[in-house]
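The values are calculated or read from the model by the stated rules, or taken from the named source; none is laboratory data. The model shown is predicted, which means the values in this text are computed figures rather than measured ones. Heads up, the Cβs are rebuilt from the backbone with ideal geometry, glycines too, and the neighbour counts pull from every protein chain shown.
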Amino acid sequence: MTRTDRIPMRTTSRITLLLLLIAGFALGRWAFPAGGKAPAASGESAAAAPAVEEIWTCAMHPQVRLPEPGQCPICGMDLIPADAGGGSSLGPRDLRMSPDAVALADIQTAKVVRRTVAHDVPMVGKVAYDETRVSTITTWVPGRLEKLFVDYTGVPVRKGEHLVEIYSPTLFSAQQELLQAIVAEKRIGRSSLDILHTASTATVTSTREKLRLYGMTDAQIEELVARGTPDERVTIYAPTGGIVIHKKALEGMYVDEGSEVYTIADLSKVWVFLDAYESDLVWLRYGQDVRFTVEAYPGRTLHGRVAFIDPSLDDRTRTVKVRLNVENEDGLLKPGMFVSAVAEARLSDAGKVVDTNLAGKWMCPMHPEVIGDGPESCPECGMELKPVEELGFITEPDGDPVLVIPATAPLLTGKRAVVYVKLPDREEPTFQGRVVTLGPRAGDWYVVEDGLEEGETVV
């Protein structure tokens, strides 16, 4: 073999050796990495491969949780790390924040406590006539109105004052019947037959009663008997006192039996109708004291008691009519006046209104302004008074006070309420979102029906 034949063979051997060295070096790097340790088994490698995902949140809105830094979609603040130590131990509704994030967000907490809550229910309304004290003066016999002594509306009248002078053939004939019956009774008085005495006496009694039914008073009847002649014109007197609010007749007008002449309203007691929102009904009870003011008397506070709560709701205004019975002996209140009222209420755990001023008291079921010390009759309607407890009141709180949280604690979403509860025994501040059931709002507090326990801490 010549020299020229051996050179290519030598070069080929060197190239092969170089390739073997490179392959061995690569195999060594794979088998023994920089730390000098062999790679883990395939199962361990797959378990350790995923990196911990960092969560970013807003210091003002901790419910915002995003996988990367940026700005809060609610307020635009820069997001901060929500959990520097990993979140594998957090539940789906848990939120862990660093102490710096808590301080930056100025998160305030409060304990869930039990207390007797009070609430002021504002209402507006108007003064109105007491319907039970409105009387209609009608003619009891047909005839002609000769004279109207009260000839315009707004005139105050007292019980027994003259109102109308009327000429009535029917009334004139009834007067003649009485006078004739009296004369017949005197004639029969000389007879010895008892049956005639009884019949004549009954005739006199019945004719007297007829005149009373026709509107004549006992004094007018006695005057007729003493005079001995019928009167062509008879005066009608007011059966009750008050203010003439309607005048429906004129002098010289012919009227029938039952024709309306006047409407008289007694303003010594009035009604006040208030509008209450349906959310405030839990605070209102029959007999509850309500204070109110009117623009005509600034600085003066008046009082009335709830006598009626309308069983139906106005679907247009979403309010319920609440009626007060109010004393008005001095006549300060005029029907139509605007009223601003406030009902003060304390709610017990049993859902009843607490009023310590009614301890041991009895109340009328129809007239709550009538309050007594025992089972007596109401001077207005004659009904027996009942203990206030039977009408929905309690005079001392029964059981434990209600469970409450600050009104700023719940996040109201429309259909539910969510409260963030601070979890105890955690190295870093951790909060848990919890759905709760709320009762009525009482000023700065919400009554808690379900979802929280006394002593827990809420944001």
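Residues in region 427-444 that are more than 16 Å from Val121 (Cα to Cα) and either of a type outside the set (Asp, Glu) or surrounded by 15 or more Cβ atoms within 10 Å (Cβ to Cβ) (or both): Pro429, Thr430, Phe431, Gln432, Gly433, Arg434, Val435, Val436, Thr437, Leu438. Only one of the numbered conditions (1) more than 17 Å from Ala174 (Cα to Cα); (2) in contact with a Gly (Cβ under 8 Å, 6 or more places away or on another chain); (3) outside the structural domain of Arg323 (by TED's automatic domain parsing) is violated by Val234, and that is (1). Checking region 395-410 against the condition returns no match, with no residue being crowded, with 19+ Cβ neighbours inside 10 Å, under 19 Å from Gln108 (Cβ atoms) and in contact with a Gly (Cβ under 7 Å, 6 or more places away or on another chain).
Give me the residue from region 184-204 that is surrounded by fewer than 13 Cβ atoms within 10 Å (Cβ to Cβ) and part of a helix (DSSP H, G or I) and, out of that set, modelled with the lowest pLDDT. Explain how you work it out, then say what you get.
Residues of region 184-204 that are surrounded by fewer than 13 Cβ atoms within 10 Å (Cβ to Cβ), as a first pass: 186-187, 189-195, 198, 202.
Filter once more, keeping what is part of a helix (DSSP H, G or I): 186-187, 194-195, 198, 202.
Details: Lys186: 81, Arg187: 80, Asp194: 70, Ile195: 75, Thr198: 80, Ala202: 86.
Out of the qualifying residues, it is Asp194.
Filter region 374-413 for residues that are at pLDDT below 75 and on the phi > 0 side of the Ramachandran plot and give the result. Gly392, Gly399 - these are the residues of region 374-413 that are at pLDDT below 75 and on the phi > 0 side of the Ramachandran plot. You will find that of Thr240, Thr217, the residue that is under 30 Å from Ala184 (Cα atoms), over 35 Å from the mean Cα position of the chain (by Cα) and polar (S, T, N, Q) is Thr217 and no other.
For Gly252, state whether it is surrounded by fewer than 14 Cβ atoms within 10 Å (Cβ to Cβ), part of a loop (DSSP other than H, G, I, E, B) and of a type outside the set (S, T, N, Q). Write out each step before concluding.
Values: surrounded by fewer than 14 Cβ atoms within 10 Å (Cβ to Cβ): yes; part of a loop (DSSP other than H, G, I, E, B): yes; of a type outside the set (S, T, N, Q): yes.
When the stated conditions are applied, Gly252 passes them.
Of all the residues in region 108-135, those that are within 30 Å of Tyr420 (Cα to Cα) and surrounded by 17 or more Cβ atoms within 10 Å (Cβ to Cβ) number 4.
Looking only at region 268-322, how many residues end up being surrounded by 13 or more Cβ atoms within 10 Å (Cβ to Cβ) and either hydroxyl-bearing (Ser, Thr, Tyr) or touching a residue at least 40 places away in the same chain (Cβ under 8 Å) (or both)? Don't jump to the end; show me each part of the working.
Looking only at region 268-322, we keep the residues that are surrounded by 13 or more Cβ atoms within 10 Å (Cβ to Cβ), and these are 268-277, 280-294, 302-310, 313, 319-322.
Now restrict to residues that are either hydroxyl-bearing (Ser, Thr, Tyr) or touching a residue at least 40 places away in the same chain (Cβ under 8 Å) (or both): 268-277, 280, 282-294, 304-307, 319-322.
Selection size over region 268-322: 32.
Does Ala307 count as within 23 Å of Asp444 (Cβ to Cβ), at pLDDT 85 or above, among the small types (Gly, Ala, Ser) and in a strand (DSSP E or B)? So Ala307 does not fit the description; no. Kindly establish whether Lys147 is surrounded by fewer than 16 Cβ atoms within 10 Å (Cβ to Cβ), among the basic types (Lys, Arg), modelled with pLDDT of 90 or more and within 46 Å of the chain's Cα centre (by Cα). So Lys147 does not fit the description; no.
Within region 399-439, which residues are part of a loop (DSSP other than H, G, I, E, B) and out of contact with any Lys or Arg (no Cβ under 8 Å at 6 or more places or on another chain)? Give the derivation first.
So the first thing to find is which residues in region 399-439 are part of a loop (DSSP other than H, G, I, E, B), and the list is 399-401, 407-410, 413-416, 423-429.
Gly399, Thr408, Ala409, Pro410, Thr413, Gly414, Lys415, Arg416, Leu423, Pro424, Asp425, Glu427 - these are the residues of region 399-439 that are part of a loop (DSSP other than H, G, I, E, B) and out of contact with any Lys or Arg (no Cβ under 8 Å at 6 or more places or on another chain).
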